[in-house]
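Scroll down for the structure; my scribbles are underneath it.
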Amino acid sequence: MAQKSQDKGVAGAVPAVTHPGDIRNVVLVGHSGAGKTTLVEALLAATGTIGRAGNITDGTTTCDHDPAAIRQQRSVALACAPLVHDGIKVNLLDTPGYADFVGELRAGLRAADAALFVVSAVDGMDATTAALWEECAAVNMPRAVAVSRLDHPRADFDEAVALCQRVFGDNVLPLYLPMLGDDGISTAGLLGLITRRVLDYTAGLPAEVREPDPEHLPAIVESRNELIEGIIAESEDETLMDRYLEGAEIGTDILVEDLEKAVARGHFYPVVPVCAQTGVGLDALLEVLTAGFPAPLEHDLPAVTGVDGTPRPPLTCDPAGPLVAEVVKTTIDRHVGRVSLVRVFSGTLRPEQVVHVSGHGLADRGHPDHDADERVGHLYSPLGAALREVRAGVAGDLCALTKSGSAETGDTISAKDDPLLVAPWEMPEPLLPVAIVAHSRADEDALARNLARLVAGDPTLRLHRDSETHQLVLWCMGEAHADVVLERLRTGGVELDTAPVRVALRETFTVAAKGHGRHVKQSGGHGQYAVCDIEVEPLPRGAGFEFVSRVVGGAVPHNYIPSVEKGVRAQLERGLAAGAPLVDLRVTLVDGKAHSVDSSDAAFQTAGALALRDAADKGQPTLLEPVDEVVIRVPDASVGAVLGDLSGRHGRVLGTEPDTTAEGRTLVRAEVAATELLRYAVELRSMTAGTGTFRREFARYEPMPSHQADRVRAERG
């Protein structure tokens with residue numbers, strides 16, 4: 001995000017606004033391949049924001065500037081692309097459609113005031129898109145639908161609309177119908193249902209507005225009646241329906257006004273057919289974005305507190321109010337450094353202003369709580385990767401700032417003399433572990449630097465260094481997310497490999513046993529002499545470790561008894577053949593021998609460790625593996641497949657229950673060994689067509705099946 005505004009293809013002036021009423025923040029959502037990025041590119045070209053539209057195949061689109069996006073030919077990160085239409089600045093937020101990048105999607109939803117669902121007229125939609133509609137409905141976010149890819153030979157607009165109505169529910173109605181060209185195949189224009197006019201794109205943009213041909217009238221009349229009834233049902237004028245039923249002609253101005261109000265309130269969801277390649281419907285869609293979607297003034301703002309958690313009055317979208325902004329995305333540019341995309345909720349952000357940056361509540365993701373005062377440098381209006389300098393960022397707008405020393409995704413930017421904290425948005429838990437290993441010591445230093453940058457910008461990435469397995473583990477959202485993270489590390493100059501993830505195990509005795517430890521050495525000079533006898537008993541699971549001395553007659557001098565315990569504890573930590581710590585044992589020192597000259601603290605530590613290892617040969621040790629309690633949220637249709645899969649993983653199903661937060665979904669509760677969950681994030685997504693989610697929490701340790709334990713000992717021994 002460090003390119004200059006004069007970069008190739010950037011043609012339009014930098015959009016500058018001074019009032020929130022002249023801003024629309026719209027997030028584009030939909031499954032991968034629906035055409036979101038291509039649609040944004042077409043809208044930018046249609047409004048003169050860029051000189052010409054790029055394409056995904058060539059890697060020349062404005063929003064997909066990330067090298068990973070170009071290589072994979074799909075969006076992997078949130079991108080902002082503002083345009084101006086009829087004096088209104090529209091901040092388009094292009095989000096990835098693949099489920100692994102849900103963190104980028106969540107950030108886009110946080111920054112937006114309305115959502116445009118892009119549904120392919122060829123491929124329909126996936127279950128994730130349907131679930132996202134429910135989420136937007138839960139917060140009453142205004143929505144509209146763009147049916148894309150009309151130029152494809154298999155495009156079926158009517159079926160796409162019918163699908164949207166089945167999945168999304170009531171009040172999903174088209175404002176326009178596609179009009180075929182003279183060849184009977186291509187889409188040459190749109191039939192306006194409210195205006196009863198034809199938008200003819202035969203000569204390109206802007207469309208020629210004309211009267212419909214006689215053969216178009218029956219389709220217009222039928223669909224128009226349904227549309228008008230839907231608009232009137234949401235009208236605040238209670239007499240409108242009576243007048244309509246009595247046969248009165250409802251004026252176009254009244255219908256348009258009521259339509260815009262219903263869309264802005266989130267009660268009506270217009271459908272617009274569009275074709276990014278030919279330009280069909282782009283102007284009609286721009287009208288919906290600017291006239292139908294609400295300004296930031298009409299959108300509820302997140303709650304704020306003081307940095308100490310004290311409640312504060314609700315925010316209002318006032319450029320003269322207290323400064324409150326939120327970092328919705330952070331990237332690291334090798335030339336500019338840290339680049340933060342910021343949504344200003346209240347007040348006005350200005351260059352050279354001293355602000356307070358606060359980040360709290362994400363310590364478990366590798367983001368320690370932090371507070372710092374910083375001076376804002378330059379402010380920019382981002383256009384994909386290009387940064388175009390602006391004078392200010394007013395309440396309701398999106399802007400970018402650079403060279404912040406501490407700003408991370410999710411941080412709050414507020415006034416220095418009145419620091420505030422915005423309530424964080426919900427971030428999914430990363431559940432796919434990837435162990436990474438640097439090639440050399442030099443790579444370890446570079447790896448640490450690059451990981452810090454990645455974690456700062458991606459709250460869905462969690463970094464964990466396991467003190468038991470000594471592995472550096474990245475917790476990712478899925479395989480595609482992991483691929484992008486690893487590619488960014490490698491392009492940052494880090495040579496690394498991945499390794500199988502090792503689960504931290506435990507070991508214990510299954511029966512009582514006796515052990516004899518003898519450490520006697522004489523090699524000239526001061527010798528070493530220590531002998532001890534112990535008894536080891538298994539304790540209940542979770543009881544920990546107990547050390548007891550029953551030595552009589554001074555067989556082991558009193559001052560060496562702690563030495564025996566210290567040696568036993570050291571061996572407990574080191575483990576046995578599998579290298580797993582020993583737990584839930586009582587070790588009793590019953591006898592021993594000492595030498596008046598050669599005995600020492602170190603000698604009795606060694607003897608204690610040897611005694612425990614000797615007892616292990618007779619105590620039938622067993623490996624313990626961690627068992628997690630999991631709660632799996634899946635569509636009702638996938639419950640059978642999930643239960644069968646859990647059985648194959650030797651999971652213990654605790655029960656199922658309806659999900660009270662979403663209709664048609666079930667919660668499955670089970671206990672599963674952690675070793676069986678290493679790739680469950682990927683496999684659950686496959687079983688449920690991307691709609692299944694789960695969370696996990698450690699429950700306890702349980703004995704590992706003997707055949708698996710033998711294999712682990714062989715691998716780690």
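General observations
- Selection of segment 187-225 for residues being in contact (Cβ under 8 Å) with a residue 24 or more places away in the chain and either surrounded by fewer than 13 Cβ atoms within 10 Å (Cβ to Cβ) or assigned to a loop (DSSP other than H, G, I, E, B) (or both) yields L193, I194, T195, R196, Y201, G204, L205, P206, A207.
- All positions within segment 577-589 that are under 38 Å from the mean Cα position of the chain (by Cα) and buried (at least 24 other Cβ atoms within 10 Å of the Cβ): A580, L582
- The residues of segment 426-458 that are assigned to a loop (DSSP other than H, G, I, E, B) and closer than 23 Å to I632 by Cβ, listed by number, are E426, M427, P428, E429, P430, L431.
- Condition met for T510 (surrounded by fewer than 21 Cβ atoms within 10 Å (Cβ to Cβ), touching a Lys or Arg at 6+ places or on another chain (Cβ under 6 Å) and assigned to a loop (DSSP other than H, G, I, E, B)): no
- Candidate set: segment 642-653, residues that are assigned to a loop (DSSP other than H, G, I, E, B) and not small (G, A, S); chosen: the one surrounded by the most Cβ atoms within 10 Å (Cβ to Cβ): R649
- On inspection, A435 does not qualify as at pLDDT below 90, on the phi < 0 side of the Ramachandran plot, of a type in the set (G, A, S) and out of contact with any Asp or Glu (no Cβ under 7 Å at 6 or more places or on another chain).
- Residue in segment 134-147 that is open to solvent by 20 Å² or more (accessible area, probe 1.4 Å), farther than 21 Å from S340 by Cβ and in a loop (DSSP other than H, G, I, E, B) present: yes
- In segment 65-105, the residues that are in contact with a strand residue (DSSP E or B) (Cβ under 9 Å, 6 or more places away or on another chain), open to solvent by 10 Å² or more (accessible area, probe 1.4 Å) and either of a type in the set (D, E, K, R) or part of a helix (DSSP H, G or I) (or both): D66, E104, L105
- The one condition from (1) of a type outside the set (D, E, K, R); (2) touching a residue at least 60 places away in the same chain (Cβ under 8 Å); (3) not in a strand (DSSP E or B) that Y529 does not meet is (3).
- When the residues of segment 360-382 are filtered to those that are of a type in the set (D, E) and out of contact with any Lys or Arg (no Cβ under 8 Å at 6 or more places or on another chain), the one that is most open to solvent (accessible area, probe 1.4 Å) is D369.
- Exactly one residue out of R574, R669, R685 is open to solvent by 10 Å² or more (accessible area, probe 1.4 Å), over 28 Å from A138 (Cα atoms) and basic (K, R), and it is R574.
- Residue within segment 604-618 that is in contact with a helix residue (DSSP H, G or I) (Cβ under 6 Å, 6 or more places away or on another chain), among the hydrophobic types (A, V, I, L, M, F, W, C) and outside any helix (DSSP H, G or I) present: no
- Taken together, the residues in segment 226-239 that are at pLDDT 90 or above and over 42 Å from the mean Cα position of the chain (by Cα) amount to 0.
- S523 satisfies every condition listed in (1) at pLDDT 90 or above; (2) in a loop (DSSP other than H, G, I, E, B) except (1).
- Screening segment 240-284 for residues that are open to solvent by less than 50 Å² (accessible area, probe 1.4 Å) and of a type in the set (D, E, K, R) and picking the one that is nearest to V118 (Cα to Cα) gives D283.
- In segment 282-396, counting only strands (runs of 3 or more DSSP E) that sit wholly within it, the ones holding 1 or more residues that are of a type in the set (D, E, K, R) span 324-333, 337-346, 370-375, 386-390.
- Where a residue in segment 440-462 is open to solvent by 10 Å² or more (accessible area, probe 1.4 Å) and its partner, wherever it lies, is aromatic (F, W, Y) and not in a helix (DSSP H, G or I), with Cβ under 6 Å and at least six apart: R462/W475
- Among residues of segment 169-186, those that are of a type in the set (F, W, Y) and open to solvent by less than 20 Å² (accessible area, probe 1.4 Å), counted: 0
- One residue stands out in segment 622-641 among those that are among the aliphatic types (A, V, I, L, M) and assigned to a strand (DSSP E or B): the one that is surrounded by the most Cβ atoms within 10 Å (Cβ to Cβ), namely I632.
- Any hit, segment 323-339, residues being under 28 Å from the mean Cα position of the chain (by Cα), of a type in the set (D, E) and crowded, with 20+ Cβ neighbours inside 10 Å: yes
- Selection status of G517, open to solvent by 40 Å² or more (accessible area, probe 1.4 Å), closer than 30 Å to L624 by Cβ and either of a type in the set (D, E) or touching a residue at least 12 places away in the same chain (Cβ under 8 Å) (or both): no
- Candidate set: segment 654-666, residues that are assigned to a loop (DSSP other than H, G, I, E, B) and open to solvent by less than 30 Å² (accessible area, probe 1.4 Å); chosen: the one modelled with the lowest pLDDT: A662
- Scope segment 404-418; condition open to solvent by 10 Å² or more (accessible area, probe 1.4 Å) and either small (G, A, S) or within 14 Å of Q353 (Cβ to Cβ) (or both); matching residues: S404, G405, S406, G410, A415, K416, D417, D418
- Among all positions in segment 43-57, there is at least one residue which is modelled with pLDDT under 90 and either touching a Leu at 6+ places or on another chain (Cβ under 6 Å) or farther than 26 Å from A400 by Cα (or both).
- Residue satisfying all of: in segment 297-320; modelled with pLDDT under 90 and open to solvent by 90 Å² or more (accessible area, probe 1.4 Å); nearest to the chain's Cα centre (by Cα) among these: D300
- Of the residues in segment 594-602, at least one is under 30 Å from G517 (Cα atoms) and outside any loop (DSSP other than H, G, I, E, B).
- From D158, D123, D113, residue being open to solvent by less than 10 Å² (accessible area, probe 1.4 Å) and on the phi < 0 side of the Ramachandran plot: D113
The values are calculated or read from the model by the stated rules, or taken from the named source; none is laboratory data. Quantities reported herein were computed from a predicted structural model and do not represent experimental measurements. Don't worry about glycine lacking a Cβ; one is built from the backbone with ideal geometry, like all the others, and counts go over all protein chains shown. Surface areas here come from the heavy atoms of the whole protein model, side chains and all, with no ligands, DNA or RNA. Shrake-Rupley method; radii C 1.70, N 1.55, O 1.52, S 1.80 Å.
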